[in-house]
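Below is one structure, written out as structure tokens, with a few remarks after it.
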């Protein structure tokens, strides 16, 4: 099976590429939404987060309190690393399960959308990487419109992502600068 990660920084357009792939009938695993689903539904994970990160991670109803978690992990790098290890491990396990199902179903091409390919260890699970790129100012402008956030907030996120790079032996670039058509690039890579 050909397993491809679609990655790129905030505002690059990786979700646009993945929506096109989904519309074309391909399976796309969205790491962000699946991580939220797992975190919200897995009682064992919730308990680990409360035990290993902060007891305030769970509200009175047993639901994750993301603001409380963020307040702790963004003030303590070791707790952030611990949270990432918990969540990334669960996501990798879920992807491995989905890939087995896809292989059993005879699916030949599977996509994984992720903003944190190397930090999560997903780079070791894929045979190819499609990196979606756009100029920084275009990315910031898109993210500001999408998130309703200010320039400095988005710029800080861009800078944080820029510092986390890795390498993969098979990387293809999709330019999503608003001038070059994306669909022909996708067709070429397929």
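The values are calculated or read from the model by the stated rules, or taken from the named source; none is laboratory data. Given the structure is predicted, the values throughout are model-derived calculations rather than measurements. All Cβ positions, even for glycine, are placed from backbone atoms using ideal geometry, and neighbour counts span all protein chains on display.
Being modelled with pLDDT under 95 and in contact with a helix residue (DSSP H, G or I) (Cβ under 6 Å, 6 or more places away or on another chain) is true of residue 143.
Taking (1) in contact with a strand residue (DSSP E or B) (Cβ under 8 Å, 6 or more places away or on another chain); (2) assigned to a helix (DSSP H, G or I); (3) surrounded by 16 or more Cβ atoms within 10 Å (Cβ to Cβ) in turn, residue 28 satisfies each apart from (2).
The set of residues in region 31-41 being under 17 Å from residue 5 (Cα atoms), crowded, with 17+ Cβ neighbours inside 10 Å and in contact with a strand residue (DSSP E or B) (Cβ under 8 Å, 6 or more places away or on another chain) consists of 31 alone.
Filter region 99-140 down to residues that are in contact with a helix residue (DSSP H, G or I) (Cβ under 9 Å, 6 or more places away or on another chain) and more than 23 Å from residue 169 (Cα to Cα) and give me whichever is modelled with the highest pLDDT. The selected residue is 107. Scanning region 103-125 for residues that are over 14 Å from the mean Cα position of the chain (by Cα) and buried (at least 18 other Cβ atoms within 10 Å of the Cβ) gives a single hit, 110. Counting only residues that are without any contact (Cβ under 8 Å) to a residue 40 or more places away in the chain and surrounded by 13 or more Cβ atoms within 10 Å (Cβ to Cβ), region 173-190 holds 1 of them.
Considering only region 42-64, how many residues are assigned to a loop (DSSP other than H, G, I, E, B) and crowded, with 17+ Cβ neighbours inside 10 Å? Of the residues in that region, 2 qualify.
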